[in-house]
Amino acid sequence: MEDKLRSRIKIPPKVVKDVLSFLKKNSVLEMPATLQPDICRDPKDITVLGLAIAGRPDCLVSGDEDLLVLGRIEGIPILSPRDFYNLLQKKNPA
């Protein structure tokens, strides 16, 4: 994840460190909700969606186009890493 945040999204190293630290401190393990197999176009993403539904996060962050095309799942917005970063910048301007 760290490499993708730096190389693909071009997030500064200090911000990447802060994001990863935040995620480690605020993560909770959940059992995924059971979902219909046709809920998304990639069956490998069903577990990710099930975990999001079970955990009720404020948003789901992914670079996976099969997830991003959904836009949201049970009211949970699905954001690209760049959109999530921009959202954080708006909420916490430097």
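A short reminder: the numbers here are calculations on the coordinates, not readings from a lab. Please read these numbers as outputs of a predicted model, since none were measured by experiment. Positions of Cβ are generated from backbone atoms using ideal geometry, with glycine treated the same way; all protein chains shown enter the neighbour counts.
Within the stretch 64-92, residues that are over 23 Å from D18 (Cα atoms) sit with their Cβ atoms under 7 Å from residues that are outside any strand (DSSP E or B) and among the aliphatic types (A, V, I, L, M), at 6+ positions apart or across chains, in these pairs: L67/V48; I73/L49; I73/A52; I73/I53; E74/I53; I76/A52.
Here the helices (runs of 4 or more DSSP H) wholly within the stretch 1-82 that include at least 1 residues being surrounded by 15 or more Cβ atoms within 10 Å (Cβ to Cβ) and touching a helix residue (DSSP H, G or I) at 6+ places or on another chain (Cβ under 6 Å) are 2-7, 13-26, 65-68.
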